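The numbers here are math on the coordinates, done by the rules we state, and not lab data. It should be emphasised that the depicted structure is a prediction, and the values quoted were computed from it without experimental measurement. All Cβ positions, even for glycine, are placed from backbone atoms using ideal geometry, and neighbour counts span all protein chains on display.
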Amino acid sequence: MGERKSSALPRTKIRYSLMRILTGSDLSHRRLPLMSAVSPEPGPTVWLTACSHGDEIGGIVVIQEIFRVIRRWLRRGSVHAFPLMNPIGFETATRHIPVSSEDLNRSFPGEPTGTLGKRIAHRIFETIMDSGPALVLDLHHDWIKSIPYALIDSDEGALPQGARDRTREFAQQTGLPVVMDSDVIPSSLSHNLLRREVPALTLELGESYIVNERNVEFGLGAIWNLLDRLEMTEPQAERFQYPLVKPSLLEETLRYSDRPFSSRTGIVRFMTKPGDMVREGQPIARVVNAFGKLMETVRAVGDAIVLGHTDSGVVFPGMPIMAFGLEPGEKKISP
Ligand SMILES: [Zn+2]
């Protein structure tokens, strides 16, 4: 966050509480932490959510860092957070809710009498909706070798135009590369918020499993940019911008692609790294067999920025090798 001038602000109220989601067979309670910072000055309500995938830990720390200083910087409106939406998955470092094998971010908008995942999703979703949110930022993490980016829902999902347009504007304000998803995911948190006309953005902040302090800083930069844009905080002296090799691409909406898939089996040897720019037809990876013999040279399908490398050292036919943000004007890569 940039340097700001501090002034006498009305007292923001900070509240930490716990929302009960489940009572265990030993009568212990499973609860969701809930954090709130409410300025006495009316203004927009922004939500931060993290760790719906239990192995994606860094977003929790981003929220903790925001709340560490929010009392000093919030001048109007409210910031609320569910920092740990999947506590059972978190404690076992698994993406899903282990006891029901459900993906919480494929369980929205939820159902009060549905499966465990849908019940938790319902509590989260209704709590967010009841607050009349202006923006929801859902924090996620990607492959081990990946750069941060703001992911917006696919425009093929028949979502309300107004919320989509506002989400795209917010995405451009993050200072991160902006990438539009290739698939419609109808049961995600962001998709269901957009359906209810709430701007919602997914921030992919580098690797899962650990806290990468550099990616925490990128996430904080993006969130402070947005709170500043909404005039909720003291003005920033300096706006965060991700150090992209081609900075002009920060003005564009890139399109997500995980093509081409591998067409052979073998060990993958990457020839480019996350953050690199590649040209259509450029060799991006080699697949070699157990003797080191080249089985396949994989080439970029378009001009793009490399978003990440697969976590797998071995690939099979039909497996994604890398993810890309295709530059505007690149032809649609159909599945
Ligand atoms: Zn995730």
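Overview of values
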read-out: 5 angstrom amide H check on Met295, placed H, neighbours 5+ away; value: Val287, Val288, Asn289
read-out: Segment 127-194 - Debye-derived log10 I(q)/I(0), Cα point model, q = 0.19, 0.21, 0.24 Å⁻¹; value: -0.81, -0.99, -1.25
read-out: Protection proxy ranking, peptides 288-296, 172-180, average beta carbon neighbours within 10 Å, highest first; value: 172-180, 288-296
read-out: Given charges at beta-carbon only (K, R positive; D, E negative), |dipole| of segment 213-335 in Debye; value: 860
read-out: Other-chain or far-sequence residues with amide H under 5 Å of Asp142's (modelled H); value: Leu205, Gly206, Glu207, Ser208
read-out: Measure of compaction for the chain (Cα Rg per 2.2 N^0.38 Å); value: 1.02
read-out: Förster-model FRET efficiency, 41 Å R0, Leu294 and Arg30, C-beta, rounded to 0.05; value: 0.20
read-out: Most positive-pole-ward Cα, Leu104, Leu27, Leu201, against dipole of segment 13-243 from beta carbon charges; value: Leu27
read-out: Pairwise centroid distance, computed over Cα atoms, of segment 237-269 with segment 102-164, Å; value: 23
read-out: Separation of the Gln282 and Val211 label points, Cα + 7 Å toward Cβ, nm; value: 3.5
read-out: P(r) histogram, all alpha-carbon pairs of segment 259-327 included - 5 Å bins from 0, percent; value: 4, 20, 32, 24, 15, 4, 1, 0
read-out: Within segment 34-72, backbone nitrogen closer than 15 Å to the virtual label 7 Å beyond the Cα of Ala93 toward Cβ; value: 54-58
